[in-house]
Amino acid sequence: MLSKQKSAREDSKDVLTARQHERIVDLLAREASKEMAKNNEQIIRTTIRVPQRLWDLARHTAIDEKMSLQDLVIKALVKYVENAGKGTRR
């Protein structure tokens, strides 16, 4: 019984909490943005059409998170692409 409890505890160490996962995604997005600038990676400039309410929510979220709107969009794309590999694409 003790070995099963220990094993379960060790397994739980390998699982990220939602907050830890969010922090990692946030760091990846910020690092991706920095790396693009530092490495002279080709940056794509594009125009997209977004509902006004969604745009306003994204803008306010970026302000609340103390990040640029560009970093917020990169973060969202990283998260989406990461989840797409797990079969959670909508």
Candidate set from the stretch 49-86 (those that are in a loop (DSSP other than H, G, I, E, B) and within 16 Å of the chain's Cα centre (by Cα)); member that is surrounded by the most Cβ atoms within 10 Å (Cβ to Cβ): 67
Residue match in the stretch 14-23 (condition: over 18 Å from residue 80 (Cα atoms), at pLDDT below 70, assigned to a helix (DSSP H, G or I) and not small (Gly, Ala, Ser)): no
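Looking at the stretch 62-90, which of its residues are more than 18 Å from residue 24 (Cβ to Cβ), at pLDDT 75 or above and not small (Gly, Ala, Ser)?
Answer for the stretch 62-90, where residues must be more than 18 Å from residue 24 (Cβ to Cβ), at pLDDT 75 or above and not small (Gly, Ala, Ser): 63, 64, 69, 70.
The values are calculated or read from the model by the stated rules, or taken from the named source; none is laboratory data. Please read all numbers here as calculations on a predicted model, not as lab measurements. Cβ sites come from the backbone with ideal geometry, for glycine too, and all protein chains shown count toward neighbours.
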